[in-house]
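S.K.: What follows is a structure written as structure tokens; I'll ask about it next.
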Amino acid sequence: MLVATLGGVGRLRPGPGTWGSAVVLPCALLGPGACLVLAMVVTVAGWWAASRVVGEDDPGWFVADEAAGMLLALAVVPAGSVLGVALAFVLFRVFDIVKPWPVSWADQQAGAAGVMLDDLIAGGMAAGLIWLLGVIRPDVLA
């Protein structure tokens with residue numbers, strides 16, 4: 001439960017998913033490489049926790065998945081880019097809440113895969129858009 005709720009963050013109201021995403025934002029100060037490594041660590045730990053504490057549903061208090069997805073989105077943000085962090089947060093939350101395809105497909109999967117995969121895809125989609133912005137307009141994220 002400690003991993004699943006990120007030390008109790010998943011019990012915060014309103015919007016535990018938003019709190020679970022926000023709690024990892026300071027990790028952006030460590031740089032993209034550290035965020036990618038942390039995303040992998042949280043993904044493995046979250047998958048492990050999900051396979052033990054949730055059934056077929058994705059309960060609101062389980063926020064390790066949001067942390068993993070948010071860290072993945074932050075993995076393309078240059079260290080110190082406040083705009084990049086804000087953009088990663090907004091894009092990730094929009095993709096996680098609206099659930100466009102393929103996020104919606106992943107959300108329908110059973111067990112730990114369904115709990116973790118939708119947020120990882122949402123984070124990957126956010127990262128892809130931020131990366132593209134950085135290619136087109138590198139000055140914006142500087």
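S.K.: Scan the stretch 103-115 and tell me whether some residue there is in contact with a Phe, Trp or Tyr (Cβ under 7 Å, 6 or more places away or on another chain), within 17 Å of residue 17 (Cβ to Cβ) and at pLDDT 95 or above.
M.R.: Yes; the residues of the stretch 103-115 include at least one that is in contact with a Phe, Trp or Tyr (Cβ under 7 Å, 6 or more places away or on another chain), within 17 Å of residue 17 (Cβ to Cβ) and at pLDDT 95 or above.
S.K.: With respect to residue 121, is the statement that it is farther than 14 Å from residue 25 by Cα, among the hydrophobic types (A, V, I, L, M, F, W, C), over 10 Å from the mean Cα position of the chain (by Cα) and part of a helix (DSSP H, G or I) true?
M.R.: No: the conditions fail for residue 121.
S.K.: Is it the case that residue 24 is β-branched (Val, Ile, Thr), surrounded by 16 or more Cβ atoms within 10 Å (Cβ to Cβ) and over 14 Å from the mean Cα position of the chain (by Cα)?
M.R.: So residue 24 does not fit the description; no.
S.K.: Scan the stretch 72-88 and tell me whether some residue there is in contact with a Cys (Cβ under 6 Å, 6 or more places away or on another chain) and outside any helix (DSSP H, G or I).
M.R.: yes
S.K.: Take residue 45 and tell me if it is out of contact with any helix residue (DSSP H, G or I) (no Cβ under 6 Å at 6 or more places or on another chain), under 21 Å from residue 12 (Cα atoms) and surrounded by 15 or more Cβ atoms within 10 Å (Cβ to Cβ). Don't jump to the end; show me each part of the working.
M.R.: Numbers: out of contact with any helix residue (DSSP H, G or I) (no Cβ under 6 Å at 6 or more places or on another chain): yes; under 21 Å from residue 12 (Cα atoms): yes; surrounded by 15 or more Cβ atoms within 10 Å (Cβ to Cβ): yes.
So residue 45 fits the description; yes.
S.K.: For the stretch 45-55, check the following and say yes or no: at least one residue is under 11 Å from the mean Cα position of the chain (by Cα), outside any loop (DSSP other than H, G, I, E, B) and modelled with pLDDT of 95 or more.
M.R.: There is no residue in the stretch 45-55 that is under 11 Å from the mean Cα position of the chain (by Cα), outside any loop (DSSP other than H, G, I, E, B) and modelled with pLDDT of 95 or more.
S.K.: Among 67, 4, which is small (Gly, Ala, Ser) and either part of a helix (DSSP H, G or I) or over 16 Å from the mean Cα position of the chain (by Cα) (or both)?
M.R.: 67
S.K.: Of the residues that sit in the stretch 31-65 and are touching a residue at least 40 places away in the same chain (Cβ under 8 Å) and β-branched (Val, Ile, Thr), which one is nearest to residue 110 (Cα to Cα)?
M.R.: For the stretch 31-65, the residue satisfying everything is 54.
S.K.: Any chance the stretch 108-127 includes a residue that's in contact with a Gly (Cβ under 7 Å, 6 or more places away or on another chain), farther than 16 Å from residue 32 by Cβ and among the polar types (S, T, N, Q)?
M.R.: For the stretch 108-127, residues in contact with a Gly (Cβ under 7 Å, 6 or more places away or on another chain), farther than 16 Å from residue 32 by Cβ and among the polar types (S, T, N, Q): present.
S.K.: Here's another thing I want to ask about it. In this structure, is residue 114 outside any helix (DSSP H, G or I), surrounded by fewer than 22 Cβ atoms within 10 Å (Cβ to Cβ) and touching a helix residue (DSSP H, G or I) at 6+ places or on another chain (Cβ under 9 Å)?
M.R.: no
S.K.: Kindly list the number of the only condition in (1) more than 10 Å from the chain's Cα centre (by Cα); (2) closer than 18 Å to residue 17 by Cβ; (3) part of a helix (DSSP H, G or I) that fails for residue 60.
M.R.: Checking residue 60 against (1) more than 10 Å from the chain's Cα centre (by Cα); (2) closer than 18 Å to residue 17 by Cβ; (3) part of a helix (DSSP H, G or I), the one that fails is (3).
The values are calculated or read from the model by the stated rules, or taken from the named source; none is laboratory data. Small disclaimer: the values here were computed from a predicted structure and weren't measured. Backbone-built Cβ (ideal geometry, glycine too); neighbour counts: all protein chains shown.
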